[in-house]
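A short worksheet on the structure shown next.
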Amino acid sequence: MTFAELVDRVASKGPFQFLHIVLLGLPILSTANHNLLQIFTAATPAHHCRPPPNASAGPWVLPMGLNEKPEPCLRFVYPPNASLPNDTQGATEPCLDGWTYDVSTRDSIVTEWDLVCNSNKLKEMAQSIFMAGILIGGLVLGDLSDRFGRKPILTCSYLLLAASGSGAAFSPTLPIYTVFRFLCGCGISGITLSTTILSVEWVSTRMRAIKLISLGYFYTSGQFILPGLAYAIPQWRWLQLTVSIPFFAFFLLSWWLPESVRWMILSGRSSKALKTFRQVAAFNGKKEEGEALSLEEIKLNLQKEITLAKAKHSIADLFRTPTLRRVTSCLSLAWFSTGFAYYSLAMGVEEFGVNLYVLQLIFGGVDVPAKFITMVSISYLGRHTTEAVVLLLAGGCILSLIFVPSDLLTLRTVLAVFGKGCLSSSFSCLFLYTSELYPTVIRQTGMGINNLWTRVGSMTAPLVKITGELKPFLPNVIFGTIALLGGSAALFLPETLNRPLPETVEDLENWSLQAKEPKQEPEEENASQRIPLQPCELDLGPN
């Protein structure tokens with residue numbers, strides 16, 4: 001009996017799995033609020049220069065910009081009725097006395113700290129710093145999770161996100177706010193990583209896909225909740241606090257989550273692992289089967305994992321052979337371009353001129369059919385074709401926005417929503433595809449380095465938006481071109497449909513050689529032995 005069959009016998013069926021999904025899924029639902037929170041807490045309302053103090057004697061006429069609206073960043077130096085030479089009457093100057101904002105719908109960090117005109121770059125910088133927190137958190141907390149366990153890191157990450165998110169709500173200045181948002185990013189990364197590993201290691205291979213999809217839909221559901229919360233709570237500080245407080249409750253609830261049995265055995269805590277196994281079996285109504293388990297049986301079933309854990313592998317192993325070099329290079333570009341382009345659309349909702357709350361609901365809703373269509377496509381068309389097509393379509397949609405006039409709001413919105421759905425599909429496909437391409441001995445390393453690239457992409461995206469000040473179309477050119485490059489790189493990856501998971505580097509090389517030979521119908525017994533899904537990372541959305 002394999003270890004997966006052992007888990008299936010005592011833990012995969014019964015109330016334990018339902019409770020496990022709920023306890024892990026509810027925090028994931030709330031992390032979606034934090035990931036996309038700045039869409040609302042950093043919304044930029046209509047604004048114009050505040051008249052100078054000496055302008056109270058009469059109305060102060062503002063220079064008009066595009067669409068016959070007041071210029072947001074300039075004002076006249078002198079009142080229009082002043083007796084001045086003609087060449088000085090139309091002179092303008094920056095907003096020296098601040099701005100007047102339309103806060104009839106909501107306030108934001110933009111209105112509180114005047115992040116407009118020359119300071120609008122600071123708004124994008126705040127989002128990049130948040131993404132940097134996700135990047136650094138993944139590097140630090142992922143290693144700590146292997147060293148100290150999945151549950152302690154998950155529990156601490158809940159507390160970190162609760163404390164730092166609440167701290168951001170009371171920040172008196174922008175620098176302090178960005179520090180707390182950086183810590184929020186670290187907490188989200190720890191939650192995502194630990195949830196991923198715990199969910200995978202507490203379910204059999206046969207049930208893994210169902211559990212992964214279920215947890216992925218928790219994240220999608222969170223995208224529906226955020227617009228409602230933002231509409232009901234127009235004050236950005238209260239909204240920030242509202243989405244952070246629940247993590248104090250998740251911190252307390254996490255004490256009921258069991259530690260990974262795999263990790264406990266590989267870390268030399270076999271007696272505790274056996275005790276946990278028996279507790280789960282009793283909770284599922286299988287107390288007798290749990291009592292029948294022995295320490296020797298568990299160690300025997302994990303003998304292969306114990307042997308592989310003793311072998312030391314590094315990032316250099318990802319480039320050791322020609323096939324691994326090709327796989328790593330192409331996957332890295334695909335992951336980077338997906339994270340890069342995804343956040344260009346997800347965080348640019350207010351640029352399309354449609355109601356912010358309605359459009360965010362649509363952006364969240366497109367993930368539901370996108371995930372379903374992706375699962376059907378990768379099961380029948382294959383991973384290789386699906387990944388290449390969705391990235392190429394996403395790049396085409398983003399580039400098309402350059403040629404659509406700004407007054408055609410409906411067409412621009414349709415293109416953006418379709419592009420965002422394609423990028424969501426790309427994430428769903430990549431989580432599975434990457435875990436199937438890398439051999440078991442370096443699978444975690446491969447997943448880690450590729451997740452690093454998508455974090456770099458999401459961190460870079462807000463900074464690229466600043467190039468729009470040079471040429472308005474420039475950001476879309478960059479985002480669309482990178483997405484096309486990522487889709488092109490996916491064309492050079494081997495197909496994994498109906499293939500068993502490679503265990504060693506040599507398995508991958510032999511597999512690559514066989515793929516170059518004429519295709520033959522796979523034997524039925526080999527197809528039945530194939531493990532369809534063994535990811536080391538969850539499709540919880542772009543965290």
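Key figures
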read-out	value
Conditions (1) out of contact with any Gly (no Cβ under 6 Å at 6 or more places or on another chain); (2) crowded, with 19+ Cβ neighbours inside 10 Å; (3) assigned to a helix (DSSP H, G or I); number of the one not met by MET125	(2)
Among (1) buried (at least 23 other Cβ atoms within 10 Å of the Cβ); (2) out of contact with any Lys or Arg (no Cβ under 9 Å at 6 or more places or on another chain) - the single one TRP236 does not satisfy	(2)
From the options THR440, THR410, THR386, residue that is closer than 29 Å to SER189 by Cα and at pLDDT below 90	THR440
Residue under evaluation PHE418, criteria (1) surrounded by fewer than 23 Cβ atoms within 10 Å (Cβ to Cβ); (2) touching a Gly at 6+ places or on another chain (Cβ under 9 Å); (3) within 22 Å of ALA489 (Cβ to Cβ); (4) of a type outside the set (Lys, Arg), criterion not met	(2)
Selection count, the range 35-56, where residues are closer than 25 Å to TYR343 by Cβ, surrounded by 18 or more Cβ atoms within 10 Å (Cβ to Cβ) and touching a Ser or Thr at 6+ places or on another chain (Cβ under 8 Å)	5
Cβ pairs under 7 Å, 6+ apart, first in the range 453-467 and under 11 Å from SER128 (Cβ atoms), second basic (Lys, Arg) and surrounded by fewer than 21 Cβ atoms within 10 Å (Cβ to Cβ)	ILE466/LYS121
Search result, residues across the range 383-409 that are in contact (Cβ under 8 Å) with a residue 24 or more places away in the chain, surrounded by fewer than 17 Cβ atoms within 10 Å (Cβ to Cβ) and of a type outside the set (A, V, I, L, M, F, W, C)	SER406
Criterion (at pLDDT below 75 and outside any loop (DSSP other than H, G, I, E, B)) met by exactly one of THR323, THR307	THR307
Residue in the range 459-466 that is within 23 Å of GLY185 (Cβ to Cβ), surrounded by fewer than 17 Cβ atoms within 10 Å (Cβ to Cβ) and either touching a helix residue (DSSP H, G or I) at 6+ places or on another chain (Cβ under 9 Å) or modelled with pLDDT under 85 (or both) present	yes
The range 133-153: number of residues that are out of contact with any Gly (no Cβ under 7 Å at 6 or more places or on another chain) and either part of a helix (DSSP H, G or I) or surrounded by 22 or more Cβ atoms within 10 Å (Cβ to Cβ) (or both)	14
Sole residue being out of contact with any Cys (no Cβ under 7 Å at 6 or more places or on another chain) and open to solvent by 30 Å² or more (accessible area, probe 1.4 Å), chosen from THR504, THR434, THR454	THR504
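The values are calculated or read from the model by the stated rules, or taken from the named source; none is laboratory data. Note that the structure is predicted; figures quoted are calculated from it, not measured. Because the Cβ atoms are built from the backbone with ideal geometry, glycine has one as well, and the counts that use them run over all protein chains shown. In case anyone asks, the SASA skips ligands and DNA or RNA and just uses the protein heavy atoms, side chains included. Shrake-Rupley method; radii C 1.70, N 1.55, O 1.52, S 1.80 Å.
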